[in-house]
Each structure stands twice: as structure tokens, then as C-alpha cells.
Amino acid sequence: MSRATFYFDLGSPYAYLAAARIDVVIGEPVDWQPISLGALFKLAGRSSWSLGDLQRRENGMAEVERRARAYGLPPLCWPEPWPGNYLMAMRAATYAQRVGRLREFAERAFRCGFQQGRDLSLAASVLAAASDAGLDPHAVELAVADPEIKLALREATDEAHRLGVCGVPTLAVDGELFWGDDRLEEAAERLGGTGLQG
């Protein structure tokens, strides 16, 4: 039976939008895979729409807010500053994956970042989300400095790039990639599931 893999970075508002409705739209079990978007951009020789041109940034943020309203999600509360450095957050996600709490941590971290407006570049914000997800903050603090966790995130990012992932959110289904929160429905069709459109 086919399964979808959901590639995400906690600093991406579009990944937040996808995570918030993935269960409703896909209607099948999904494997969540944390990757470093910053490292992926370096591998691909790209940059984020949120950096550089101010008009493009403002348009992108307005579009995220519009989609959140359309999906029935709470109003966006942007962290200040945004974007930031999410390496610690993504290493924490990698640790959460290892101990079987990835989904819980990622959902709480996304809400922390884009509903509460907390800066996930800060250790305190990451550890608060970890605690809310049932993780031991001290264990998370140790894990994000662990060379094995660092390597696992780097290898996951490298593998995603090798497979053709060029941004987040991306869903992979049987080798086919669906990049963008607005392509969840296409991924659901590819899976042949009965997920409802959200």
C-alpha cells in the first residue's frame, strides 16, 4: 500500500498550512520527515521568497494569511523576526522522530510559531513546544548538540534533495513529488485515498 512522505521545516508557513490539514485531505497514514530548508536551499542554489524583495515577501505573507482564512485556521501571528534560524528546532524535530514523538512535537511547534508568534530560533520556544509534546526539555537540549542527531538531519536533507525535493511542504507518493500546500489534493488523488478536501 502506498504511503505519503511529508517533508517539512518548522520555519515554513506553507508547511504549517499543510500540516494543519494533512489528515483531512490525505485520509491515509503519512510519514513526517523533518529536513533543513536552509540547507536544502544551499544544495539547490536557491533562496526563500521571504528574503530579498520586500514586495514579494509582503505578497507571500498576505497569501499565507489568505489561505489560512480559507482553510478555517486561526489568524496568522508572525514571529518577529521571521524567518530566523531554525536549525535547533529541526534538530529537535529529528530527535522527536527518533523517540516516536515527531508528530506531537511538530504540531505544537507549528502552532507556537504561527499561531502564537513565538520565535522558533530561540531555545526557549523550542523547548516549550517540546515540553508541550511530552518530551523532556533537558533531553532535547542534549539531543540538539548530539553529532548523531545533527548527522541524521543532514542526511535526511541530502536524501530529500537527491529525490528532487526543492522546497517545503512537499509530499512524495511513489516517487512523485507534490510541492506546495495547495497540492495536497493532488497527492491524495495519487494515493487513491478517500480523503476529503479541506
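The values are calculated or read from the model by the stated rules, or taken from the named source; none is laboratory data. Since the structure is predicted, the reported quantities are computational estimates derived from the model, not experimental observations. Here Cβ is always computed from backbone atoms with ideal geometry, including for glycine, and neighbour counts include all displayed protein chains.
Mind listing whichever residues of segment 81-92 are without any contact (Cβ under 8 Å) to a residue 60 or more places away in the chain and buried (at least 18 other Cβ atoms within 10 Å of the Cβ)?
Scanning segment 81-92 gives Met88, Ala92.
Cβ contacts < 6 Å: first residue within 15 Å of Pro169 (Cα to Cα) and surrounded by fewer than 16 Cβ atoms within 10 Å (Cβ to Cβ), restricted to segment 39-54; second residue small (Gly, Ala, Ser) and modelled with pLDDT of 90 or more, any location; separation 6+ or different chain. Result?
Within 6 Å, the pairs are Trp49/Gly60.
So how many residues does segment 93-119 have that are β-branched (Val, Ile, Thr) and crowded, with 18+ Cβ neighbours inside 10 Å?
1
Give me the pairs: first residue in segment 155-177 and without any contact (Cβ under 8 Å) to a residue 40 or more places away in the chain and under 20 Å from Ser12 (Cα atoms), second residue surrounded by 13 or more Cβ atoms within 10 Å (Cβ to Cβ) and of a type in the set (A, V, I, L, M), beta-carbon distance under 6 Å, and six or more apart or on different chains, which are they?
Listed pairs, sorted by first residue: Gly164/Leu177.
Conditions: (1) of a type outside the set (Lys, Arg); (2) surrounded by fewer than 16 Cβ atoms within 10 Å (Cβ to Cβ); (3) in contact (Cβ under 8 Å) with a residue 60 or more places away in the chain. Gly134 meets all but one. Number of the miss?
So the condition that Gly134 fails would be (3).
Taking the options Leu191, Leu177, name whichever one is among the aliphatic types (A, V, I, L, M), closer than 16 Å to Arg3 by Cα, touching a Gly at 6+ places or on another chain (Cβ under 9 Å) and modelled with pLDDT of 95 or more.
Leu177
Just to be sure I understand the filter: pairs with C-beta atoms under 6 Å, separated by 6 or more residues or on different chains, first member in segment 1-17 and farther than 19 Å from Ala129 by Cβ, second member of a type in the set (S, T, N, Q). Which pairs pass?
Thr5/Gln33; Tyr7/Gln33; Tyr7/Thr170
Condition check: farther than 13 Å from Gln33 by Cα, surrounded by 14 or more Cβ atoms within 10 Å (Cβ to Cβ) and within 18 Å of the chain's Cα centre (by Cα). Does Val144 satisfy that?
Judged against the criteria, Val144 is a match.
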